[in-house]
Amino acid sequence: MSAKTFTEEFKIEAVKQVTEQGYPVSEVASRLGVSTNSLYAWVKRYQKPEPQRKQDDALQLEVKRLRQELKRVSRPLSRNAYAAVMPRHSLASQNVRRNGLSIVTGFLVLKDLSAANAASPATTG
């Protein structure tokens, strides 16, 4: 079941029924076929002045963009990318393999390899 999308005008009119005409939120929500949670969120949003609403929207878009960017740069490197960044003969590469570390976008981070080590036979180096 997909969520219904309501127009800005519809939301504003619903909020006016609650704030200006004094109807209870539950009554307006049931009459208009929306959840009370949605109507409360609309009341909270549309009681703010329009410039503040636009600023809040811009901030939320920026937060969303930053989260996507963080998710993108936090992905672990592939085996090929790891090999390009850390040659096999380098001391750092040997320490990474020996100590069970992994590289995530250029940063060394601890990685629990106990399950992987238990599943595969130990190699001697």
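The values are calculated or read from the model by the stated rules, or taken from the named source; none is laboratory data. Everything numeric here is computed off the predicted structure, so don't read it as measured data. Methodologically, a virtual Cβ is constructed for each residue, glycine included, from the backbone with ideal geometry; neighbour enumeration extends over all protein chains shown. Side chains included, ligands, DNA and RNA excluded: accessible areas come from the protein's heavy atoms. Shrake-Rupley method; radii C 1.70, N 1.55, O 1.52, S 1.80 Å.
Quick notes
- For residue 45 and residue 31, the difference between the fully extended length at 0.36 nm per residue and the C-alpha to C-alpha distance is 3.0 nm.
- Working from label points 7 Å from Cα in the Cα-to-Cβ sense, the residue 19 to residue 63 distance is 2.0 nm.
- Hits among aspartates and glutamates - C-alpha to C-alpha of residue 44 under 15 Å, sequence gap 8 or more where chains match: 8, 13, 20, 56, 57
- Solvent exposure of residue 7, expressed as accessible area, is near 80 Å², computed with a probe of 1.4 Å over the protein chains only.
- When each of 11/64; 11/54; 16/64; 11/48 is checked by Cα-Cα distance, pairs over 18 Å: 11/64; 16/64
- Anisotropy class of region 1-67 from Cα gyration tensor, a/c 1.5 cut: oblate
- Heavy-atom accessible surface of region 1-52, averaged per residue, reaches 73 Å², computed with a 1.4 Å probe.
- Protein accessible area in region 19-77, 1.4 Å probe - carbon and sulfur %: 52
- Of 16, 11, the residue with the largest accessible area leads and the full order is 16, 11 (1.4 Å probe).
- Neighbourhood net charge (10 Å Cβ-Cβ; Lys/Arg +1, Asp/Glu -1) for residue 56: +3
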